[in-house]
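Here is the structure we will look at.
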Amino acid sequence: MIQIMGFLMFFITVHLVFSLHFVISAQYNVGDQVPISVNKIGPLDNPSETYQYYDLPVCHPARVVQKKESLGEILNADRLANALYELKFRENKVGQILCEKKLSEDDVSKFRNAIINDFYFQMYYDDLPMWGFIGRVEDNSWNGDEKGLKYFLFKHVQFDVLYNSDQVIEIRAFSDPAHVVDITNNDEVTVQFTYSVSWNETFVPFKKRMDKYSRASLLPTPRQIHWFSFINSFVIIVLLMGLLVMMFLRHLKNDLKKFSGGDEEEDKEVGWKYIHGDVFRPPSQLHLFSAILGSGTQFLIVLVFLFIMAFLGILYPYNLGSLSTSVVVIYSLTFPAAGYCTASFHCQFLRTGWEKSVLLTGILYLGPLFLTVFILNIVAMSFGATAALPLGTIVVILLLYTLVAMPLLALGGMIGQRFSSEFQAPSVTKRVAREIPSLTWYMKTPGQMFVGGLLPFSAIVLELHHLYASMWGYKIFTLSGILFITFIILIVLTAMLSVGMTYIQLSLEDHEWWWRSILRGGSTAIFMFGYCIYYYAKSDMNGSLQLLFFFGYNACLCYAFFLMLGTISFYVSWIFVRHIYHAIKSE
C-alpha cells in the first residue's frame, strides 16, 4: 500500500504543479489589451440550463472564435468565445458604440423570451467573472395600462474596473436601466448597443482579489449559522460518546470479565460470545462487498486530496473548471488504491476470483455514472444547452478510462493480491451458521439504517444546505476549513454509531454484521438525497432539463457518499469486532 500511495503522491503532485498556472498574475501597461471573453447565458433560476452567449442576436465579432478549453471548463458547461468589447488597461470610455443592430421580429422574440425567463450573461475579464442581465420586466397594470407587462432590453453596459499598479483586481458589469428599448411588441427595431468603462485604483493585493467572492459567506448571519451548526454537531458527538462510554464501561467490560473467568453460568448471560464461531464467517456476495470497499476507499482519498488543494489555494471560486479537472484527474489516478483494497480484502478469505472483484470495482460507480451522463447529454443536446458534452470530450474521457484508469486498477489489484495474507480469525468458524433469534423491528436492517443515517445527517444538514446553495445556486462557498471540519464530524459520528450499533447487534446474537455495517453507514447518503428533494421543492428551479440534471447528478453524488461512508463504517466495525474477540479467551 505504501508503494501505491507513493505512486499517487507523485502523479498528483505533478497535477498540482501544472494547476498553478491558474493563479499566475498578469501585468499590463497603460493601453494594453486585457483578454475578455464571453461565456454563456441562461435563466437565473436554472443553473444547469445555460446556452452559448451568441445564441442570442447580440453584437458579435466578424469572426467568432471559440476558446480552446480545458476538460474542466467543458465539464463545467463553459463555452468561452472572443468578445467585441475592448477594455484596454486603464483607459476610460464613455458611451462607446459596440454596434448598431437591426432586430427582426424573430430577434425581438428571442430577446423577449430571454427577459421573461430572467436571463443573465456571464463574461470573463483577466480570468475574473462578471455577470449582467439581458433586460427587465415592468408591470404597468396598476396604473391602468391595458397592456400590463412591458419588456425592456438593456442596450448599455457599464464596466467598473479596479486596478492595483499594473494588475487587474476587480471588475463589475452593470446593465444600465436608464438605457433601454421597449420590445413588448413584435416589431422590427434598430438598437445601438453601447458600453462605458471606468477605472479606479485600489490597494487590494493581487493575491486577495478572489476574496470578493467569499464576502457573502462571511457576513454575520451566515457565520452565526455556521457556529450553530458546529454547536449542534458537537452536542450530538458528546451525547453519543457518553452513551458509548457508559455502554462499554458497564456492559462490555463486564462481559469480557465473565467470559474470561470461565463461569459457565455467567457465560450464558453474554450474548455476543455465543456467536464467536459465526461472527467471522465471510460475508455473502464477497465480490460485491470487496468492490464496495475499494470504491469507498478511493472516494475517501479523492476527498482528502481535494481538501489539500483547497488549503493550498489552488481551488477557488470560478477558477475556470479547475475543480472539475482536479476531480477527474485525481479520481483516475487513485484507481490503484481501489484495486489494491479490493483485491487484498477479497484474498483474505478467498485466493481465487479476485479478478472479478477488481473488475466489478471498475464498473460499480462508473457504470451508473456513465449511464446517467449519457442520458443527460442527450437531453442537453436536444435543448441546445452548453451542458452537452462535445464528441471530442466524450472520446477523451473514454480513453482516459480505458487507457489510464483500468490499467491502474488492474495494477493495484495485482499488488493487493500479491501482498495480501489469509485472514486469521480469533476463533474457529463453525461449519453451520447459528440461527439468528427473532429481532424487534427497530433492530432489523431498516431500523438501524434509519438511526445510523439520521444522526450524522442532522449534524451536517445546515452545512449541507450551504453546499447545495453553492452547487445549484449562486452562493459562493469558499470556507474550505468549515467544510473540512464538517467532513470530520461526519466521519466521527459515522464511526461512533457503527461501533455502538455493531455491539448491540452482536449482543442480540445477530452475527450478520458485515453488510449491515455498510448499509447503516451509507444510509446518511439516503437522507442527503431526501434533502435534495426538499431543496428542489423549495427552490425556484423549473423545467425538465433542470429537473433531470439536478436529480441525476445529485443521485451520483449521494451514491459516492454511500460507498465512502459505508466503507468507513465497515472498517471501524471490523476493527472493533476483531478487538473484542481477541480480548477474550478462546474456547
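Less than 9 Å Cβ to Cβ from Gly31, Lys/Arg counted +1 and Asp/Glu -1: what total charge do the surrounding residues give?
Details: positive: Lys88, Arg90; negative: Asp32, Glu91.
Value of the local net charge: 0.
With the radius of gyration and the Kirkwood radius both derived from the Cα set of segment 393-520, what is their ratio Rg to Rh?
Over the Cα atoms of segment 393-520, Rg/Rh equals 1.10.
Whenever you get a sec, line up Arg434, Arg79, Arg351 from highest to lowest accessible area (probe 1.4 Å, protein heavy atoms).
Highest to lowest solvent-accessible surface, that is Arg351, Arg434, Arg79.
May I ask which of Lys110/Lys155; Lys110/Lys150; Lys356/Lys430; Lys40/Lys67; Lys68/Lys208; Lys102/Lys155 have a Cα-Cα span longer than 18 Å here?
The answer is Lys356/Lys430; Lys68/Lys208.
If you rank Lys538, Lys68, Lys155 by how much accessible surface each has, with a 1.4 Å probe, what is the order from largest down?
Ranked list, largest accessible area first: Lys68, Lys538, Lys155.
Classify segment 380-451 as rounded, prolate or oblate, taking a ≥ b ≥ c as the square roots of the eigenvalues of its Cα gyration tensor: rounded when a/c is under 1.5, otherwise prolate if a/b is larger than b/c and oblate if not.
The shape class here is oblate.
Can you tell me the relative contact order of segment 24-84? Whole percent, Cα pairs under 8 Å, sequence separation 6 or more. Please list the in-between numbers first.
Working: 58 pairs, mean separation 22.4, N = 61.
After rounding, I find 37 percent.
In µm²/s, what is D for segment 292-437 at 37 °C and 0.692 mPa s, where D = kT/(6 pi eta Rh) by Stokes-Einstein and Rh is the Kirkwood radius from Cα pairs?
185
Between beta-carbons, use under 13 Å as the cut-off and find the net charge around Val451, counting Lys and Arg +1, Asp and Glu -1.
+3
At a 1.4 Å probe, what is the % contribution of carbon and sulfur to the accessible area of segment 428-503?
About 72 percent, which is the carbon plus sulfur part of the accessible surface.
Just name one of Leu399, Pro426, Val451: the one whose Cα is farthest towards the positive end of the charge dipole of segment 358-517 (beta-carbon charges, Lys/Arg +1, Asp/Glu -1).
Leu399
Calculate the length of the line joining the C-alpha centroid of segment 339-374 to that of segment 41-66, in whole Å.
Rounded to whole Å, the Cα centres lie 42 Å apart.
Would you work out which of Leu56, Leu75, Tyr125 lies farthest towards the positive end of the dipole of segment 39-138, given +1 charges on the beta-carbon of Lys and Arg and -1 on that of Asp and Glu, about the Cα centre?
Tyr125
Ranked from highest to lowest mean number of other Cβ atoms within 10 Å per residue, what is the order of the peptides 521-534, 377-390, 109-122?
521-534, 109-122, 377-390
Please give the contour-minus-distance gain from Asp211 to Gln66: 0.36 nm per residue of separation, less the Cα-Cα distance, rounded to one decimal in nm.
My answer for the length gained is 49.3 nm.
For Arg90, tell me the accessible area in Å² from a 1.4 Å probe, rounded to the nearest 10.
Here the accessible area works out near 100 Å².
So for segment 57-196, taking the charge dipole from beta-carbon charges (+1 Lys/Arg, -1 Asp/Glu), which of Ser165, Val191, Phe111 sits furthest toward the positive end?
Ser165
Using +1 on the beta carbon of Lys and Arg, -1 on that of Asp and Glu, and nothing else charged, what's the dipole of segment 425-520 about the Cα centre, debye to 20?
The dipole of segment 425-520 has a size of about 140 debye.
Could you state how much accessible area Leu162 has, in square angstrom rounded to the nearest 10, with a 1.4 Å probe and all protein chains kept in place?
Probe radius 1.4 Å; accessible area of Leu162 about 40 Å².
Take the Cα pairs of segment 331-398, get the Kirkwood Rh, then feed it into Stokes-Einstein at 37 °C and 0.692 mPa s and tell me D in µm²/s. Walk me through the intermediate numbers first.
Working: Rh = 14.2 Å.
Rounded to a whole number, D works out at 232 µm²/s.
When a/c reaches 1.5 or more, the comparison of a/b and b/c decides; with that in mind, is segment 414-475 rounded, prolate or oblate per its Cα gyration tensor?
oblate
Output the relative contact order of segment 334-475, whole-number percent, from Cα pairs under 8 angstrom with separation of 6+ residues.
37
Can you pull the percent of Cα pairs in segment 441-581 with separation above 27 Å?
The answer is 27 percent, as a whole percent.
The values are calculated or read from the model by the stated rules, or taken from the named source; none is laboratory data. Because the structure is predicted, anything quoted here is derived from the model rather than measured. Every residue, glycine among them, receives a Cβ derived from its backbone with ideal geometry; neighbour counts consider all protein chains shown. Accessible surface areas use protein heavy atoms only, side chains included; no ligands, DNA or RNA. Shrake-Rupley method; radii C 1.70, N 1.55, O 1.52, S 1.80 Å.
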